[in-house]
Structure formats: structure tokens, C-alpha cells
Amino acid sequence: MVTGFQSIPTGENTGSGKGIKKIKTMTGDFTPISVAERKERIAKAQRLLLQNKMQAMVLESGTALEYFTGISWWPSERTMVVVVPANGEIKYVCPAFEESRFRELITIGKKVYVWQEDESPYLKIIQAFSDSGISAGTIGIEEQLRFFIFDGIRKEASGLEYVSADPVTIPCRMIKSAAELALMQKASDITVAAMKIAISQLKEGISQSDVSAIVNNSHDRMGATPDFALILFGESSATPHGSIKPRQLRKGDIVLMDCGCKVNGYSSDITRTIVFGAEPTRRQLDIWKLEQKAQAAGFAAARIGNRCEMVDAAARKVITDAGFGPGYQLPGLPHRTGHGIGLDGHEWGNMVKGNQQPLEVGMCFSIEPTISIPGEFGVRMEDCVYMTAEGPKWFSQPAVSIDKPFV
């Protein structure tokens, strides 16, 4: 049971309402991604463009834009794109009235094509192609680029073909650098601290949304950007992403907490399952220990050269061998065992049946084999790992026992 869990030593009230004084900031010493590293990312993308016989890649507002340029831009109805040619400097297209603000954000490249409200931004994109020596061939479209922009480009251009830019962006973004790992580690450390604070303030009658607010507030006050805080009590925990039904905490309830934040754009994702205010029942304890064993099996299967699907298979076998499932059937594990993580909370590199991608140094992903028992409860332990030449390393250490969710 968890009744008197100690939070990080601030000595202050850390709830979501009045009386909040101070939570120790934890982000003061993080190092942002450097311009030099972003230039290396663009150079790698350009090599991949050539290898995949693409003349350029187009991307817009979203995490891909941030990854390559460091620019965060709201995706309005006014077209703003970046053209990354296979050769030469990257080029920008943005609304004319936004030019001065946009230029303040640019650290790589200089050329900006602006369009007035009564002009076609797509003609400016075609001009950017032309100025890069592109009049024919294949253009890669990044997956987050919205259809109306793609449609506008293809209607204005002749002699060009369009394909997914995944063969360029995925190999770039799936392999994390030391700087990225450091930011993700900082985000993970902050989420651990925020979850400890929330656990220390559990009390009978508190709502799921109240606990979520405590987590998000703690993330914010420690210097991170709150991302999500899914809090599930009792039978709600049997649904991996919860229920819309309101629920207050009662003694003996399973409490499932799935939380994350961002530091300089990079994500954390941690889940813990505990029992509140009472000794766990034999059923709760048995399922918790089975989940712990399944997560450990997934970790053991995460070895360089092994396929992503092998992590899922190893964790799932523990659960099905205990009589649950098979496959995605309930009671059992209804989803993949893990997902990639980085600037997006869910990225490429899923630990799922059929994914033949070999594990490589620098890949980051979650290991979270939920056990869902409809009408009763669910148990999930989730921690993320990063791959090294020696094998996987945890961003957050797995739970020791049902009453010790953190080391």
C-alpha cells in the first residue's frame, strides 16, 4: 500500500490549489540543442535525400520543423514551409506580414520567400525549388505537412513527383544524440519527482482530475512543460487510456498514473501502478508481479540487432503463459508493448508484432506491457530506455515493489 510516500524534499505545499509556495526548479542546468547539431541533422537529411533519389524535402509547422531548424511555429491556415534541397542551403516560405518575426527565429539559412495575402504561397515554393536547381524529379513530403499545402504545391508544379519523406526523416529522428538523451533524461527525472509529489498527496475522495492537476502543476513549477497526466482509479485502470466517468479515490483502489512532460521539446513517459491506503489483495499483488516480470522480459529482449517485435513477443509471452490473452484479447495485453519517443511522445520504432526494424544504438522507446482485466483493474509499469552498444539503459528505474514505485 502507499499511504505516506515521501516527495522530493522541498518542505512546501505542492498541491494544485492555494497555498503553493515553491517547488525546486530542476531544469536550470540543461543544454539546448546547438545550431551545430541542427546543421549536422540537415546534412544527414541531404545525404539521405540523395540516396533516396529525392531532389528536396518539404516540411511545415511541427516537430520535424523544430528538429531540423529549431523553429516552433503555429500551424495556421497561412502556409509556412521549409524547403530542404538535396544540395545547397535550406529555404523558407512565410506570410509577408510575419517576415520580421519569422526572421528572429532563423539560425540556419538566410533565404526567405514571402507572399502577400492576395498571392499564392505555392508559387513561392516552386520558386524555391527552381532557385535550388529543381525543375523535375521527386519531392519528399514530410508526414506532418497538411494536405491543403501539398495539394497547392502539386497543382502549381509540373514535372515533379511526390513521395513520403519517411526514408529521410525517420532515420534522422529515430537515432538520438547525446544532447537529445540528456534532455530526455532531464524530462524523465522531473516526471519522477512530479509523480512522487502527487502520490504523497493522495487522499480519500480526491478525484482523478485533481491528481492530474497536481502532476501538471508540479511539472510546470519545476521548469518543464506539462504534457499529460492520465490518472485512473479502480476499475477505470482496466481501460488503458481511461474512462470519461468521474471517479473519486477509495481505500484499496488501484491507482494507475501515466505521466509525461517536455524539456526543450523532448519528452518523458512514465507509468506506475500502486494500491492506495490498504494492503494489496492477493489478486492485485499477483497481477502486479506478473506485470513486473513482463516488463523485465521486454527489457531483456532489447539487444542490439534484435528486431523491435522481439521486445513485444518476450513481454507478451510472460502474460499469455500466465493464462491471459492470447494476442490482444482481454483480459490481457491489448496494445503494443512500446513506442518510440523523442520530440514526439510517440515516435517511430514501435515494439509491436511485425516490426522488423533492428534495434540500433541511439533508439529510444517505452516498455509498457499493460495487463487489463475489464471490470476489475489494470496494471501498467512503463519506463523508457535508450539503446547503447552494451544494451538498453533505463531513463527511469522500474518499480521495486507495489509499495515502492520509485527507487
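Worth pointing out:
- Looking only at the range 374-404, and only at residues there that are among the acidic types (Asp, Glu) and open to solvent by 20 Å² or more (accessible area, probe 1.4 Å), the one that is nearest to Arg316 (Cα to Cα): Glu376
- Condition check for Leu145: outside any strand (DSSP E or B), in contact (Cβ under 8 Å) with a residue 12 or more places away in the chain and under 29 Å from Ala36 (Cβ atoms): yes
- Whenever a residue of the range 78-102 is without any contact (Cβ under 8 Å) to a residue 24 or more places away in the chain and open to solvent by less than 10 Å² (accessible area, probe 1.4 Å), its partners that are of a type outside the set (S, T, N, Q) and part of a helix (DSSP H, G or I), lying with C-beta atoms within less than 6 angstrom and at least six residues away or across chains, give the pairs Cys94/Phe102.
- Scanning the range 148-176 for residues that are open to solvent by 30 Å² or more (accessible area, probe 1.4 Å) and part of a loop (DSSP other than H, G, I, E, B) yields a total of 3.
- Members of the range 239-265 found to be open to solvent by less than 10 Å² (accessible area, probe 1.4 Å) and under 18 Å from Trp288 (Cα atoms), listed by number: Ile254, Val255, Leu256, Met257
- In the set (1) over 23 Å from Ser267 (Cβ atoms); (2) in a loop (DSSP other than H, G, I, E, B); (3) touching an Asp or Glu at 6+ places or on another chain (Cβ under 8 Å), the condition left unmet by Glu117 is number (3).
- Residues considered: Thr69, Thr107. Of these, the only one that is surrounded by fewer than 22 Cβ atoms within 10 Å (Cβ to Cβ), in contact (Cβ under 8 Å) with a residue 12 or more places away in the chain and under 30 Å from the mean Cα position of the chain (by Cα) is Thr107.
- Failed condition for Ser158, given (1) modelled with pLDDT under 95; (2) under 17 Å from the mean Cα position of the chain (by Cα): (2)
- Looking across the range 217-238, the residues that are acidic (Asp, Glu) and either crowded, with 17+ Cβ neighbours inside 10 Å or at pLDDT below 95 (or both) come down to Asp227, Glu235.
- Scanning the range 209-248 for residues being free of Cβ contacts under 8 Å to residues at least 60 places away in the same chain, in a loop (DSSP other than H, G, I, E, B) and hydrophobic (A, V, I, L, M, F, W, C) gives a total of 1.
- Strands (runs of 3 or more DSSP E) fully within the range 288-407 that include at least 1 residues being under 23 Å from the mean Cα position of the chain (by Cα) and closer than 24 Å to Thr239 by Cα: 338-340, 347-351, 364-367, 371-373, 377-379, 383-388.
- Evaluated against (1) without any contact (Cβ under 8 Å) to a residue 24 or more places away in the chain; (2) within 22 Å of Met387 (Cα to Cα); (3) open to solvent by 50 Å² or more (accessible area, probe 1.4 Å); (4) not acidic (Asp, Glu), Ile304 falls short on exactly one condition, (1).
- Here Val407 fits the description: modelled with pLDDT under 95, within 22 Å of Ile199 (Cα to Cα) and either of a type in the set (Gly, Ala, Ser) or open to solvent by 20 Å² or more (accessible area, probe 1.4 Å) (or both).
- Tally, over the range 314-332, of residues that are among the small types (Gly, Ala, Ser) and surrounded by fewer than 17 Cβ atoms within 10 Å (Cβ to Cβ): 3
The values are calculated or read from the model by the stated rules, or taken from the named source; none is laboratory data. Predicted model only: the values in this text are computed from it and were never measured. Counting neighbours? That spans all protein chains shown, and the Cβs are built from the backbone with ideal geometry, glycine included. To get the accessible areas, we keep the full protein, side chains included, count just its heavy atoms, and leave off ligands, DNA and RNA. Shrake-Rupley method; radii C 1.70, N 1.55, O 1.52, S 1.80 Å.
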